[in-house]
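As structure tokens, the structure follows; a few thoughts come after it.
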Amino acid sequence: MKNLVALIALVVVTTLLAMGQQTVKEPLIFNSEAHIDSAGNATFVISGKLNAMQWQWWNYSYGAGNASNLKRNIEKSLSSLYLFDFKYEPNEMDRSFRLTYKAKGVVRYLGKDNWLAELGLRETQPIKITENSFTATLSQNMGYNVLQTNMRVTLPADVTGMEFDKDEFNYVTIQYKRPTERVTTVGDAGMKTAGYSLLGAALLSMAGVVLLRKQSHS
Amino acid sequence: MERTVKQYQIKYKGGTKANQMETFDFTLPELRIGRDPQSEIRFDPERELVVSRQHARIVRQPDGRITIEDNRSRNGLYVNGRRITGSTELSPGDEVQLGNNGPTFIFDLDPRPVPVAMPTQVIDIPSPTGVFDAQQVMDYVPAGRQRAKTIGWFAIPVVFLLAAAAVLWMGFTRETAVSKMVGDGELDIQIFPLQAMMPAAYKVYANPMALDGRFYFCKVVVDNKGSGELQDVKVDYSVPGYIDWTTADEIRYILPGGASVVAIYPQFPQRVVEKTTQSSERMQIRITYMNSGKLEKYEKTYPFQMLSRNDYMYTNIPVNEIRGQQDMEDNNDLAPVFITPQDPIVKYYTQQVQEKVLGGATAGVSQNPQEVVRFMMGVYEATRRTGMVYSGTSGAQQEIGDIVSTQQKVRLPREVITGNTGLCIEMAFLYASVFASEGLDPVIFFVPGHAYPGVRVNGQYLAIEATAVGGAGLGYIATADQAFETGMKQLNEFMQKAQQGAPGYSLIDVKQLINSGVHPMELTDDNFMRIKVDQLAQRMALGGPLVFQQQQTQQQL
């Protein structure tokens, strides 16, 4: 009996090992688009079209059956951002979906027209496409499936000098220049300009009046 | 009619020469004023002390004008009541005073020249003759020059006033360098704190790199909903009794409409893993920022539950939001914090298993599946020989909505060893600790209501049913072969279910998670526990080295 059991065990092991060699699966391929606005916030659009097996797994794990889990997972994976306005639109007939959400805190303004964006990208090499857009390919292990995400990021149209770097945690950072909007306004935020101009005008006016008075006396 | 100035007239009004008059020939180019004996207009050196020795002088200019200059006198020079510095033009009839309350005289010319502005006057204009024979009236005050002088006098104050207007206009219409910087910023803050923390996971909470920063302790979202920028926004936090005020992040600017997100990863001291009871703690958050040049501050305190070191929360998702098995297992990735291969007691126990059960063999250096299976079965055999008891599934989540069991007391592997009993999850943690201690890649398989250990070798999985010992397990005490067989059957089912995406079927790859920053707690050596392990080792040795049927089977094959 013991021999039989051991034999069964060995067969199971061998079978699983053999199965493992055959289970090279087709990766899930998602397309992601991120549009960053002038205030430094972003809108993400993710879409994917899956095969039958992938669709079944997706729906069990994240999709229509448990979209809130998908939301939580995305929120956790982008911990440096604040995500909101999630919308998930599955298309059962086509085995596809479209997910959108918005993000705050994507970009920081560094002053002097310099901006720094961080999208939670790691282990990828962004490729600049235009002056204000780039692509990146991400690969991620999702349990029993490999997810490949082809991402395209579009920055505001007036961006120049886009450069990629990495921060201390190895996340990709995107630094660029963008002129902030110029508006005719009442001085600056602290009204310092207006204050100084009032002071200057008062002094000049006083000098003018004194000279006038002197003139009238003479 | 010709009117030629012949002499200067000085009519004293005050001082020692009051009511006297002196005349000086107009050919003199200047008249010196002072107490100096050389002065033409001389004052008493003993009594007119307010007058300087060389107080001033009256000068006939080449263009015919008469000017008076102050020679930097101590008490000043006044013309028509106004103090003058430097030089000023002097006209007939002007009153000159030397020092405040000093002597006074009226300056005059004899005869006085006729102003050209008087139209009824008819005068002869002789040709210019030379140096200063310009006694002609027209030479004295030329008409064009007078007009220009008048215009100049008016132009200066007008220029000043125009400049004032220009400065005012520029100041109020300057284009700013940053958009929408009109007015004040308006801070809007959202804080998402953790409701409860597992001390065992303190290294994960502290590490922004761990699992891509997923297990932050608190997230602060700072929005600027105003129309001006916010500057120097600083987010500080503290946990009284554990962490002093610490700066989480500093943000130079937040523009109108913009936002910044700060995830807080607090560095709790190692002593939190000594906590054996729960307690209520609080986190303080302080945000300071500059708004329109003013320093403003926001403070908030949040309570949270600090669990004991043995508490394992299956999920951090609020109970009323849990809707699936995956939600129940949201913290599965934190499980490795209870897997302690570096624990001296676990290492000692592993050493005893190898020595007493496996006859000194080791599986740690090999990636041969058969050797790995042998080691797995050896660990099981050790628990069987020492009479380890499976305590049942109490505490493990049983079903969705099982609120009580979202949190469970988990004995650490060293406590399972010395207590010789454990739940399925606890025994799985023990096996994983021993496997990792030997350099294997342990995994733990989660199925609804149960968990069991395994090893990943050469990209494949092996599993063993650790609870097939005494107690509420399979209903009988299985042999090592039977435990392995049961484990592999369960693994087969697991793979099918997991690939279908069946809820509740998940695994954790301990090595992968440790590499992702999920580091176990640090534990110190304990002599009492070592003695207990020694006692267990004596029982392990009773059966002698384990004979593996697989080896025999292979030989038969």
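The values are calculated or read from the model by the stated rules, or taken from the named source; none is laboratory data. It should be emphasised that the depicted structure is a prediction, and the values quoted were computed from it without experimental measurement. Backbone-built Cβ (ideal geometry, glycine too); neighbour counts: all protein chains shown.
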Residue within segment A:133-143 that is in contact (Cβ under 8 Å) with a residue 40 or more places away in the chain and at the interface with chain B (Cβ under 10 Å from one of its Cβ atoms) present: yes
A:ASP165 being under 34 Å from the mean Cα position of the chain (by Cα), at pLDDT below 90, at negative phi and not β-branched (Val, Ile, Thr): no
Residue count, segment A:102-119 (criterion: over 12 Å from the mean Cα position of the chain (by Cα) and assigned to a loop (DSSP other than H, G, I, E, B)): 2
Some residue of segment B:265-275 being under 27 Å from A:LYS76 (Cα atoms), under 15 Å from the mean Cα position of the chain (by Cα) and either surrounded by fewer than 21 Cβ atoms within 10 Å (Cβ to Cβ) or not β-branched (Val, Ile, Thr) (or both): yes
Residue within segment B:476-490 that is under 30 Å from B:LYS275 (Cβ atoms), assigned to a loop (DSSP other than H, G, I, E, B) and more than 14 Å from chain A (Cβ to nearest Cβ) present: no
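Residue by residue, here is whether (1) surrounded by fewer than 18 Cβ atoms within 10 Å (Cβ to Cβ); (2) within 30 Å of B:PRO448 (Cβ to Cβ); (3) at pLDDT 90 or above holds:
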{"site": "B:SER506", "(1), (2), (3)": "no, yes, no"}
{"site": "B:ASN527", "(1), (2), (3)": "yes, no, yes"}
{"site": "B:ILE531", "(1), (2), (3)": "yes, no, yes"}
{"site": "B:LEU536", "(1), (2), (3)": "no, no, yes"}
{"site": "B:ALA541", "(1), (2), (3)": "yes, no, no"}
Residue ID - farthest from A:SER139 (Cα to Cα), chosen from residues in segment A:79-90 that are more than 10 Å from every other protein chain (Cβ to nearest Cβ) and under 15 Å from the mean Cα position of the chain (by Cα): A:ASP85
Any hit, segment A:51-67, residues being modelled with pLDDT of 85 or more, of a type in the set (Gly, Ala, Ser) and out of contact with any Lys or Arg (no Cβ under 8 Å at 6 or more places or on another chain): no
Matching residues, segment B:211-226, being within 9 Å of chain A (Cβ to nearest Cβ) and either in a loop (DSSP other than H, G, I, E, B) or acidic (Asp, Glu) (or both): B:ASP212, B:ARG214, B:PHE215, B:TYR216, B:ASP223
Selection from segment A:64-78 of residues that are at the interface with chain B (Cβ under 10 Å from one of its Cβ atoms) and over 28 Å from A:TYR171 (Cα atoms): A:GLY65, A:ASN66
Complete set of residues in segment A:54-78 that are assigned to a helix (DSSP H, G or I), in contact with a Gly (Cβ under 9 Å, 6 or more places away or on another chain) and of a type in the set (A, V, I, L, M): A:LEU70
Search result, residues across segment B:228-270 that are of a type in the set (Gly, Ala, Ser) and in a loop (DSSP other than H, G, I, E, B): B:GLY228, B:GLY241, B:GLY257, B:GLY258
Strands (runs of 3 or more DSSP E) completely within segment B:1-115 that count 1 or more residues being in contact (Cβ under 8 Å) with a residue 24 or more places away in the chain: B:7-12, B:21-25, B:30-34, B:56-60, B:66-70, B:87-89, B:95-98, B:104-110
Checklist (1) more than 10 Å from chain B (Cβ to nearest Cβ); (2) modelled with pLDDT of 85 or more applied to A:GLN22, failing item: (2)
Positions within segment B:173-191 being at the interface with chain A (Cβ under 9 Å from one of its Cβ atoms) and either touching a His at 6+ places or on another chain (Cβ under 9 Å) or at pLDDT 90 or above (or both), in sequence order: B:GLN190
Test: B:ILE425 is at pLDDT 85 or above, in contact with a strand residue (DSSP E or B) (Cβ under 6 Å, 6 or more places away or on another chain) and of a type in the set (Val, Ile, Thr): yes
Residue in segment B:388-396 that is away from chain A (no Cβ under 14 Å) and modelled with pLDDT of 85 or more present: yes
Complete set of residues in segment B:271-299 that are touching a residue at least 40 places away in the same chain (Cβ under 8 Å) and of a type outside the set (A, V, I, L, M): B:LYS275, B:GLU281, B:ARG282, B:GLN284, B:ARG286, B:THR288, B:TYR289, B:ASN291, B:SER292, B:GLU296, B:TYR298
Members of segment A:81-99 that are of a type in the set (S, T, N, Q) and exposed (fewer than 13 other Cβ atoms within 10 Å of the Cβ): A:ASN91
Residues satisfying the stated conditions in segment B:218-242, i.e. closer than 30 Å to B:ASP333 by Cα, under 18 Å from the mean Cα position of the chain (by Cα) and either of a type in the set (A, V, I, L, M, F, W, C) or at pLDDT below 90 (or both): B:CYS218, B:VAL220, B:VAL221, B:VAL222, B:VAL235
